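Worksheet for the structure shown next.
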Amino acid sequence: MYRMIPVFGLLLASGGCQLFQGCDAISLPGITVTVLDSISGEPLAPGGAIVVAIDGAFADTAVGLSDGRRYVAVRDRGGVYRLEVSSPGYATWVQRGVRVERPQDCSRTIELTALMQPAE
């Protein structure tokens, strides 16, 4: 059975937990970044990196996962992002043009690897 749900002045038809076709109640990250030392291939120390996703005036600081090597950002917001990863002792890693489709493509997570170069 469908019911009408008001969302910011709009009405959306919803069946169960689905708000958009292909989405469910679970919010997946739009971007996952694995942060590694470029020489050793090892992850940086847990919490040793700051990952920021920027789309115009919007910026999202990524949250580190418990494995200490992956960071997730951009839940439920589409856009074209510039990612910046910084860590003491390393040059800043930048990736431009990372396109996240939301909310129609809620199940797709962009996975990137930041190979951090030691600072000179």
Check your understanding: Are any residues in the stretch 33-67 part of a loop (DSSP other than H, G, I, E, B), over 15 Å from the mean Cα position of the chain (by Cα) and either β-branched (V, I, T) or surrounded by 15 or more Cβ atoms within 10 Å (Cβ to Cβ) (or both), and if so, which ones?
Key -> I39, L44, G48
Check your understanding: Out of curiosity, is C23 surrounded by 15 or more Cβ atoms within 10 Å (Cβ to Cβ), hydrophobic (A, V, I, L, M, F, W, C), modelled with pLDDT under 75 and over 17 Å from P118 (Cα atoms)?
Key -> yes
Exercise for review: Taking the residues in the stretch 87-104 that are without any contact (Cβ under 8 Å) to a residue 60 or more places away in the chain and surrounded by 15 or more Cβ atoms within 10 Å (Cβ to Cβ) as candidates, determine which candidate is farthest from the chain's Cα centre (by Cα).
Suggested key: Y90
Check your understanding: For residues in the stretch 74-120 being within 18 Å of A57 (Cα to Cα), not in a strand (DSSP E or B) and not acidic (D, E), which is modelled with the lowest pLDDT?
Key -> R102
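The values are calculated or read from the model by the stated rules, or taken from the named source; none is laboratory data. Remember, it's a predicted structure, so these values are computed and weren't measured experimentally. Here the Cβ is made from the backbone with ideal geometry for all residues, glycine too, and neighbour counts use every protein chain on show.
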